[in-house]
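Presented below is the structure to which this report refers.
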Amino acid sequence: QVQLEESGGGLVQAGGSLRLSCTVSRSILTTSRKTWYRQAPGQQRDLVASLPTGGTANYADPVKGRFTISTDNAKNAVYLQMNSLKPEDTGVYYCNVPMFGRDFWGQGTQVIVSS
């Protein structure tokens, strides 16, 4: 079983920053990609940032230039640095990694950006 645990969410004012962390119970060295999703209230879960192993990160248009995805393979961790936060960034953020032929998800971390 693979477990993911997100942390780092919270309440922040518009223009502020947060750094989300996702720790994975197994090595992420050989996973094909690491991805952050966001689910706003009443909305579907949308991709925010994805980092293919050995590739270039890609970002949803609304977060380009403000968010940065990164990893620390030694710590089995995936991060999302979020700067210049906007109220529309509010939502639950989920980490996703594929392993053993299926996708694994964390429980999510809540981000609330006040105006």
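The values are calculated or read from the model by the stated rules, or taken from the named source; none is laboratory data. What you are looking at is a predicted structure, and each value in this text was computed from that prediction instead of being measured. Counting neighbours? That spans all protein chains shown, and the Cβs are built from the backbone with ideal geometry, glycine included. SASA here: full protein model, heavy atoms, side chains in, ligands and nucleic acids out. Shrake-Rupley method; radii C 1.70, N 1.55, O 1.52, S 1.80 Å.
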Please go through region 13-39 and pick out each residue that is of a type in the set (K, R), within 20 Å of D103 (Cα to Cα) and assigned to a strand (DSSP E or B). R33, K34, R38
Residues that are of a type in the set (S, T, N, Q), surrounded by 14 or more Cβ atoms within 10 Å (Cβ to Cβ) and at pLDDT 95 or above: does region 94-107 have at least one? yes
Which numbered condition in (1) out of contact with any Asp or Glu (no Cβ under 8 Å at 6 or more places or on another chain); (2) touching a residue at least 40 places away in the same chain (Cβ under 8 Å) is the only one that S70 fails? (2)
Would you tally the residues in region 1-12 being surrounded by 13 or more Cβ atoms within 10 Å (Cβ to Cβ) and within 12 Å of P98 (Cα to Cα)? 2
Within region 52-67, the residues that are open to solvent by less than 30 Å² (accessible area, probe 1.4 Å) and part of a strand (DSSP E or B) are F67
Would you mind finding the one in R19, R33 that is out of contact with any Phe, Trp or Tyr (no Cβ under 9 Å at 6 or more places or on another chain), in contact (Cβ under 8 Å) with a residue 12 or more places away in the chain and within 17 Å of L80 (Cβ to Cβ)? R33
Could you check region 68-93 and list, in sequence order, the residues that are of a type in the set (D, E) and either in a strand (DSSP E or B) or surrounded by fewer than 18 Cβ atoms within 10 Å (Cβ to Cβ) (or both)? D72, E88
